[in-house]
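One structure below.
Read-outs throughout are calculated quantities, based only on the coordinates presented, and are distinct from any laboratory measurement. Owing to the predicted nature of the structure, the values given are computational and were not obtained by experimental measurement. Positions of Cβ are generated from backbone atoms using ideal geometry, with glycine treated the same way; all protein chains shown enter the neighbour counts.
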Amino acid sequence: MLIDIMNVLVTGGSGLVGNALQNISNNHKLYKFIFLSSSDCDLENYEETMALFKRIKPEFVIHLAANVGGLYKNLISQSSMLEKNLLINSNVLKCAHELKVRKCISCLSTCIFPDKISYSSYPIDETSLHDGPPHESNYGYAYAKRILDVQSKAYRDQYNDNFICVIPTNIYGKNDNFNLENAHVIPALIHQCYLAKKNKKPFIVKGSGRPLRQFIYSIDLAKLILWTLEEYNGNANIALSVGPEEEKTIENIARIIAKCFDYEFELIFDTSFSDGQYKKTCSNKKLMENIETFDFTSINIGIKETINWFIENYKICRK
Ligand code: NAP
Ligand code: GFB
């Protein structure tokens, strides 16, 4: 019996998460995945976005596209990250609504959760997203993402659109952005340590190394996003994260990276740089109750695989 293959439009298909999704989704029985990059369409432009949606006629949308960066990019780009992400998100959701997409899964981040909460309130969960202001280091990006959550809810409330958001924690893996200034911590430190080893220089870690983070390997997140598409039918957001017990300090991470490089020279913590948010521990209870079991890649294996990929692709990767 012939089964109609359904189009799944993946915005942000050329990024860290998009590439991981490409890696696990080929030859799917039910879905044809179409992975977009900004060369296909500038999602900040409504007319371009609508023209692309009309051409592809997706039944489903996985909305990953965003203007993204680590702490030090966010600190100096509050307005542009707010504006770009508001435009991208509004256009994608409006087109998904007008084309009557059956399910639209958008991506938030645990870094947009309220910052000033009492320690007894950790781990935070999906229900506390708007219970206070985000950390000041990334309020531009954070409010754009919070509006994405509100937009998804408003389309659901007014038109019964099946729009939901997933909330990943910090993500890392192959095909990341390894730029020393604007990347997230793991890719930035991998690049930093690679150069320190090569040039026999100190391995500089920005900040005190004390902040805490949960990290999810991009391939694991891609599998969980696919599960959200195929299996998760809840009408509320779901955090896609490793558990609170997996929380690591930045120093832990730096030492894992140094060990992978067999780097034994000098590790320096440059406290002239901001630490950013101290912690943003999030629960993955709802995910584990829904999925029952999932094997997360260990941070040591994930970082080792990412470093191997970085070294093999040094000439062509984003850095
Ligand atoms: P990424 O590697 O920076 O990729 C961003 C993607 O968005 C790229 O495909 C990029 O296309 C596309 N894009 C950006 N601006 C666009 C525009 N104006 N028009 C069309 N496409 C545009 O990002 P990522 O790390 O994969 O993040 C994916 C999602 O996860 C984002 O929504 C992000 O907010 C969320 N997230 C990321 C992290 C993390 O630690 N990385 C943590 C939590 C949540 P080009 O390749 O052409 O530039
Ligand atoms: O991944 P990251 O840049 O962003 O991590 P956040 C920042 C933490 O890593 C801070 C330390 O404690 C930094 O002091 N760190 C040490 C470094 N060395 C480096 C380095 O070379 N580069 C970077 N980037 N950090 C982001 C949000 O917060 O979370 C974004 O700003 C995004 O919006 C992301 O959503 C997931 O985890 O602090």
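Miscellaneous remarks
- Residue order for L189, L287, L240, fewest other beta carbons within 10 angstrom first, comes to L287, L189, L240.
- Rg in Å to one decimal, and Dmax rounded to a whole Å, for segment 122-231 via C-alpha atoms: 17.9, 60
- Mean separation of Cα contacts under 8 Å (6+ apart) over length of segment 150-250, as relative contact order %: 36 percent
- Ranked C104, C317, criterion: other C-beta atoms within 10 Å, fewest first: C317, C104
- Compactness check for segment 1-133: Cα Rg over 2.2 N^0.38 Å is 1.20.
- Segment 5-79 has equivalent-ellipsoid semi-axes of 25, 17, 8 Å, by the square roots of 5 times the alpha carbon gyration tensor eigenvalues, sorted largest first.
- Of the GluC sites (Glu not before Pro) found in segment 231-319, those in coil by DSSP whose Cβ has at most 13 other Cβ atoms within 10 Å are E231, E264, E266, E292.
- Cα-based helix-to-principal-axis angle, 139-159 vs the chain, degrees rounded to 10: 20 degrees
- Taking 0.36 nm per residue of separation and subtracting the current Cα-Cα distance, fully stretching the chain between D275 and S298 would add 5.8 nm.
- Within segment 189-220, backbone nitrogen closer than 18 Å to the virtual label 7 Å beyond the Cα of E266 toward Cβ: 192-209
- The C-alpha atoms of the chain define a longest principal axis, and helix 185-199 lies at about 40 degrees to it.
- Spin-label model, K315/H28: points 7 Å from Cα along the beta carbon direction are separated by 3.4 nm.
- Calculated mean residue ellipticity at 222 nm for the chain: -12500 deg cm²/dmol, from DSSP H runs with n ≥ 4 weighted as -39500 (n - 2.57), summed, divided by the residue count and rounded to 500.
- Gain on full stretching of the segment that runs from H130 to E245 - 0.36 nm per residue minus C-alpha separation: 39.0 nm
- Cβ charges +1 (Lys, Arg) and -1 (Asp, Glu), total dipole of the chain, debye: 560 debye
- Diffusion of the chain by Stokes-Einstein, at 10 °C in a medium of 1.306 mPa s and with Rh set to the Kirkwood radius over alpha-carbon pairs, works out to 79 µm²/s.
- Unsatisfied cross-links (Cα-Cα over 18 Å) in the set K57/K145; K57/K223; K73/K319; K32/K286; K197/K279: K57/K145; K57/K223; K32/K286; K197/K279
- Contact order normalised by residue count of the chain, Cα under 8 Å, 6+ apart, percent: 19 percent
- Computed from the Cβ-Cβ distance with R0 of 41 Å, the FRET efficiency linking S120 to Q158 stands at 0.65.
- Segment 46-202 shape via C-alpha gyration tensor axes, a/c threshold 1.5: oblate
- Cβ-based charge dipole, segment 51-135, positive-most Cα from S79, L52, P133: L52
- Along its three principal directions, the equivalent ellipsoid of segment 67-131 from the Cα gyration tensor extends over semi-axes of 26, 19, 8 Å, largest first.
- Total charge dipole magnitude, segment 23-168, about the Cα centre, Cβ charges on Lys, Arg, Asp, Glu only, Debye to nearest 20: 520 debye
- Legend: ranking of residues I147, I301, I164, I3 from fewest to most surrounding C-beta atoms inside 10 Å; resulting order I3, I301, I147, I164.
- Candidates C107, N160, I24 compared by Cα position along the dipole of the chain: farthest toward the positive end lies I24, with charges placed on Cβ.
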